[in-house]
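Notes to accompany the following structure.
Values in this text are rule-based calculations from the coordinates and carry no lab data. Keep in mind that what you see is a predicted model, and the values were worked out from it rather than measured. Cβ coordinates were reconstructed from backbone atoms using ideal geometry, including for glycine residues, and neighbour counts include every protein chain displayed.
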Amino acid sequence: MIQIVVARYNEDIEWTKQFENVLIYNKGNILEDSVKLPNVGREGHTYYKYICDNYDKLADYIVFLQGYPFDHSPNIINDLQQLNEKEFNIDFKFLSNCIVETTFKEQLNKHYQCIGIYETYKRIFGKDCEDEQIIFGCGAQFIVSKKNILNRPKSFYESIVKMLEYHIDPFEVYDIERFHKYIFTTCELGINQSNELDL
């Protein structure tokens, strides 16, 4: 089973009605058939809040999308329809059209929001980064398996939620956009999986 989780602010989410198993987390104006959240932490907070809320009852695969996913994933409707039409074995896959191969240093120099990227990495994974190469999908949209999520304890994800809930637009959420792959896969940068965040 596939669960689609949508992080909505005030976007028009009419496009979601063509899919089953859609859960909308809403941080904007009142919306029926949605889960209301405080407007903090952008989409990263929403994604990890969903995992914490549903850790013991996750679907086999979860698709995480923004309320308007088309900027970074213009073919997302077709991509989702194909996912529902076939059996597959995906542990983690970006759903963004733009996949960036970069380094911590390049992100630090290009994006003022990533000023704390080294420290955020250490807070999440409990150690300094041993390899500066990173790959991420622009827009933070991806599919991940239940199996991969459960590789880490619920407390690990709860710590990420805590990291992001202090502000509407925390700097850490931009770092985490670059870390989703490493949070959910074994393609890790020298990560000790048992560590939780040092807050």
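Indicate the gyration tensor shape class of segment 43-153 (rounded, prolate or oblate), computed on the Cα atoms with a ≥ b ≥ c the square roots of the eigenvalues: a/c under 1.5 is rounded; otherwise a/b larger than b/c is prolate and the rest oblate.
Details: a/c = 2.00, a/b = 1.35, b/c = 1.48.
In terms of gyration-tensor shape, oblate.
Report the net charge of residues surrounding VAL22, where surrounding means a beta-carbon distance below 12 angstrom and charges are Lys +1, Arg +1, Asp -1, Glu -1.
Numbers: positive: ARG8, LYS17; negative: GLU14, GLU20, ASP33.
That sum, taken over residues with Cβ under 12 Å, equals -1.
Across segment 44-161, how many lysine pairs, 8 or more apart or on two chains, come within less than 22 Å at their alpha-carbon atoms?
Lysine pairs satisfying the spacing and distance rule in segment 44-161 number 21.
Counting Lys and Arg as +1 and Asp and Glu as -1, what is the net charge of the other residues whose Cβ lies under 10 Å from the Cβ of GLU43? Let's see the in-between values first.
Values: positive: ARG8, LYS27, ARG42; negative: GLU177.
Surrounding charge for GLU43 is +2.
For Rg and Dmax of the Cα atoms in Å, several values are listed as (i) 16.0, 46; (ii) 22.8, 75; (iii) 20.6, 73; flag the one computed from this structure.
Only one option fits the structure, namely (i).
List every residue whose amide H lies under 5 Å from the amide H of ILE13, counting only residues 5 or more places away in sequence or on a different chain, with H placed 1.01 Å from N in the peptide plane.
Residues meeting the criterion, in which the H sits 1.01 Å from N, do not exist here.
What value, in deg cm²/dmol to 500, does the helix sum -39500 (n - 2.57) over DSSP H runs of n ≥ 4 give at 222 nm once divided by the residues of the chain? Can you show the working numbers first?
Numbers: 8 runs with 65 residues, N = 199.
Rounded to the nearest 500, the figure is -9000 deg cm²/dmol.
Between 0 and 90 degrees, rounded to the nearest ten: what's the tilt of helix 42-54 against the longest Cα principal axis of the chain?
Between helix and principal axis, roughly 80 degrees.
Beta carbons within 10 angstrom, averaged per residue: use that to sort the peptides 42-55, 155-168, highest first.
Details: 42-55: 22.4, 155-168: 17.6.
So the peptides 42-55, 155-168, ranked by packing, come out 42-55, 155-168.
List, in order, the whole-Hz ³J(HN,Hα) value for each residue of segment 174-182 obtained from phi through the Karplus relation with A = 6.51, B = -1.76, C = 1.60 and θ = phi - 60°; use x for Gly and Pro.
6, 5, 5, 4, 7, 10, 3, 4, 7
Report the one residue of VAL35, VAL100, THR16 whose Cα lies farthest in the direction of the positive end of the charge dipole of the chain (charges on C-beta: Lys and Arg +1, Asp and Glu -1; origin at the Cα centre).
The residue sitting farthest along the positive end of the dipole is VAL35.
Given H placed 1.01 Å from N in the peptide plane, which residues other than close sequence neighbours of GLN66 have an amide H under 5 Å from its amide H?
Amide H neighbours of GLN66, under 5 Å, 5+ apart: ALA7.
Let a ≥ b ≥ c be the square roots of the eigenvalues of the Cα gyration tensor of segment 138-182; is it rounded (a/c under 1.5), or, if not, prolate (a/b larger than b/c) or oblate? Before the final figure, lay out each step's value.
Details: a/c = 2.65, a/b = 1.30, b/c = 2.03.
Since a/c reaches 1.5 but b/c is at least a/b, the shape of segment 138-182 is classed as oblate.
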